[in-house]
Amino acid sequence: MEGLIMTAQLLLSLSILVVVHEWGHFFTARMFNIRVEKFYLFFDFLFPMANVMNFALFKKKKGDTEYGIGWFPLGGYVKIAGMVDESMDKEQMKLPPEPWEFRSKPAWQRLIVMLGGIIVNVIVGVLIFIGMTFFIGDKFILNEYVNNHGGVEAREIAQQLGIKTGDKIVKINGQSFDYFDDITKTDVMLSKNSTYTVLRDGQEIQIPIPANFIENFSKKEAMLNFVLPRRSPLIDQVLIDSIAGKVGLKQGDLIVEIQGKPITYYDELRTELKNLKGDTLSFKVKRGEEVLAFKEYFKGHTNIGFAIPFNIVPPEGERAIKYSFGQSIVLGPGRAFDVIGVQLKAFGKLFRRELSVKNSLSGPIGMAKMYGGVWDWERFWKMTGLLSMVLAFMNLLPIPALDGGYVMFLLYEMITGREPSEKFFENSIKIGMAILLLLMVFVFYNDIAKLFTGN
């Protein structure tokens, strides 16, 4: 069921973004009186083989344009008259140019048509980020609160980095910071020579962040395996068939002692249970002003059987910020374009071989996992806004068959006054499509390999 929800969210998100992207091309083409022969969500052929398995799930002709939904659920396209595109329709190109064809228009008009999809993706991404900022706002964990309440609980990934439970992270890249959430910002992990400064036993210690450290976070749940604020062993929910249920622990009870050792934090309880010797567990619980003592047979158990509160910190440890519409209009675009900045930094690290291509690229399976197994509209729109900006960036890459490849050829034509030869252009498109096909195969293989290896 979770897999179905993940897939449905990804398909809906991508469908929205593909439609608005192709509408950008459609709108700008019609603006210059260029005929658009097809407008399709998904492909009505086995991409990239334009003449294989040609059929649509739905199609309807209106005016000069055939609107449809293809059977191959990957992307979509508009077929613009007089232009070599994914359909590789070369027969039309052998005929004399018509005034309503793409090839008959001046280079600056063709350039706008090719940038239309990218521009609309950027606009949609910016609007989503503005909407998220206005309707949801921000909620941050205060770093000062974390440091005043025991510092961090260092989990496996943090321990590998050199962070220890009880450390207080006081600086990022030599600068003080207000919000605990800044520790895991993608921008921090992609920056060159990033460091954390921790306060440990009264001494400041610098911990360098390796260039490829972000690869540890390829899974959504990996963030929970890094650092968390230390939390009290306060009982919120009790499992009925457990030691906690048997002895009658209640919501609001606080574990204060385990095996004769006083404890303050939940991680101390986990450590004591993990290292328990013998078959008997003794612990004390504070209930109001009363302290209750228990001694139970523990062999075969790994926990007492309760959950702590869902909120990582209490309300006084958080800061919720609501923004006016005016503030959201200012903040939203910056947050949208931060996504592009992160992409540029990631590409820089890939080219410098500081990041592994295998660990950094995800296909549909990896992307679907990022939406989670529960339908969450807040996360859905956040992911859709992020993907809109990423698609705009990726489409602008100067690879033939992508919008950026056409833009590159048009800029060459505008600067030199000469069009690339038809043969050169056609071969470039074929090479570009071959690159995209190989990339598609790679990311699918990579996703499937990760499923089997658990990485």
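If a residue has to be in contact with a strand residue (DSSP E or B) (Cβ under 8 Å, 6 or more places away or on another chain) and either among the hydrophobic types (A, V, I, L, M, F, W, C) or surrounded by fewer than 18 Cβ atoms within 10 Å (Cβ to Cβ) (or both) to count, how many in segment 24-48 make the cut?
Of the residues in that region, 13 qualify.
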Practice task
Can you tell me which residue within segment 364-384, out of those that are in contact with a Leu (Cβ under 8 Å, 6 or more places away or on another chain) and not hydrophobic (A, V, I, L, M, F, W, C), is nearest to Pro73 (Cα to Cα)?
Solution key: Pro364
Handout entry: Top-ranked residue in segment 286-336 [being among the basic types (Lys, Arg) and assigned to a loop (DSSP other than H, G, I, E, B); ranked as surrounded by the fewest Cβ atoms within 10 Å (Cβ to Cβ)]
Key = Lys299
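Can you pull out the helices (runs of 4 or more DSSP H) entirely within segment 337-426 that have at least 3 residues that are aliphatic (A, V, I, L, M) and over 17 Å from Ile118 (Cβ atoms)?
Details: elements: 357-360, 364-371, 377-395, 403-416.
Hits in segment 337-426: 364-371.
Could you please find all residues in segment 24-72 being of a type in the set (Val, Ile, Thr) and within 29 Å of the chain's Cα centre (by Cα)?
Here is the first cut: in segment 24-72, the residues of a type in the set (Val, Ile, Thr) are 28, 34, 36, 52, 65, 69.
Correct list: Ile69 only.
I need the full set of residues from segment 177-193 which are surrounded by fewer than 18 Cβ atoms within 10 Å (Cβ to Cβ) and touching a residue at least 12 places away in the same chain (Cβ under 8 Å), in order please. Spell out the reasoning first.
So in segment 177-193, the residues surrounded by fewer than 18 Cβ atoms within 10 Å (Cβ to Cβ) come out as 177-179, 181-182, 184-187, 191-193.
Hits for segment 177-193 are Phe177, Asp178, Tyr179, Asp181, Asp182, Thr184, Thr186, Asp187, Ser191, Lys192, Asn193.
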Problem - One residue from Leu273, Leu269 being crowded, with 17+ Cβ neighbours inside 10 Å, without any contact (Cβ under 8 Å) to a residue 60 or more places away in the chain, out of contact with any Leu (no Cβ under 9 Å at 6 or more places or on another chain) and under 28 Å from Val227 (Cα atoms) - result: Leu269
Exercise for the section: Only residues that are charged (D, E, K, R) and either buried (at least 16 other Cβ atoms within 10 Å of the Cβ) or part of a loop (DSSP other than H, G, I, E, B) (or both): list them for segment 49-86, please. Expected result: Asp64, Glu66, Lys79, Asp85, Glu86
Exercise for the section: Scan segment 376-434 residue by residue and report those that are surrounded by 14 or more Cβ atoms within 10 Å (Cβ to Cβ) and on the phi > 0 side of the Ramachandran plot. Expected result: Ala401
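Mind listing just one residue for me: the one in segment 348-393 that is hydrophobic (A, V, I, L, M, F, W, C) and without any contact (Cβ under 8 Å) to a residue 40 or more places away in the chain and, of those, farthest from Thr7 (Cα to Cα)?
To start, the set of residues in segment 348-393 that are hydrophobic (A, V, I, L, M, F, W, C) comprises 350-351, 355, 357, 361, 365, 367-368, 370, 374-375, 377, 380-381, 383, 386-387, 389-393.
Pick out the ones that are also without any contact (Cβ under 8 Å) to a residue 40 or more places away in the chain and you get 350-351, 357, 377.
Values: Leu350: 28, Phe351: 31, Val357: 24, Trp377: 14 Å.
Restricting to residues being hydrophobic (A, V, I, L, M, F, W, C) and without any contact (Cβ under 8 Å) to a residue 40 or more places away in the chain, the top hit is Phe351.
Being in the same structural domain as Gly334 (by TED's automatic domain parsing) and either closer than 30 Å to Gly341 by Cα or in contact with a strand residue (DSSP E or B) (Cβ under 8 Å, 6 or more places away or on another chain) (or both) is true for just one of Ile163, Ile172, Ile119, Ile157. Which residue is that?
Ile119
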Problem - Subset tally (residues that are assigned to a strand (DSSP E or B) and either closer than 19 Å to Gly150 by Cβ or at pLDDT 95 or above (or both)) for segment 261-281 - result: 2
Exercise for the section: Within segment 200-223, identify whether any single residue is of a type in the set (Val, Ile, Thr), crowded, with 16+ Cβ neighbours inside 10 Å and under 28 Å from Pro315 (Cα atoms), and answer yes or no. Expected result: no
Fill in the blank from the handout: Selection over segment 87-109 where residues are at pLDDT 90 or above, surrounded by 17 or more Cβ atoms within 10 Å (Cβ to Cβ) and touching a Lys or Arg at 6+ places or on another chain (Cβ under 9 Å) yields a count of 2
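The values are calculated or read from the model by the stated rules, or taken from the named source; none is laboratory data. Worth saying up front: this structure is predicted, and the values here are computed from it rather than measured. As a convention, Cβ positions derive from the backbone with ideal geometry for all residues, glycine included, and neighbour counts pool all protein chains shown.
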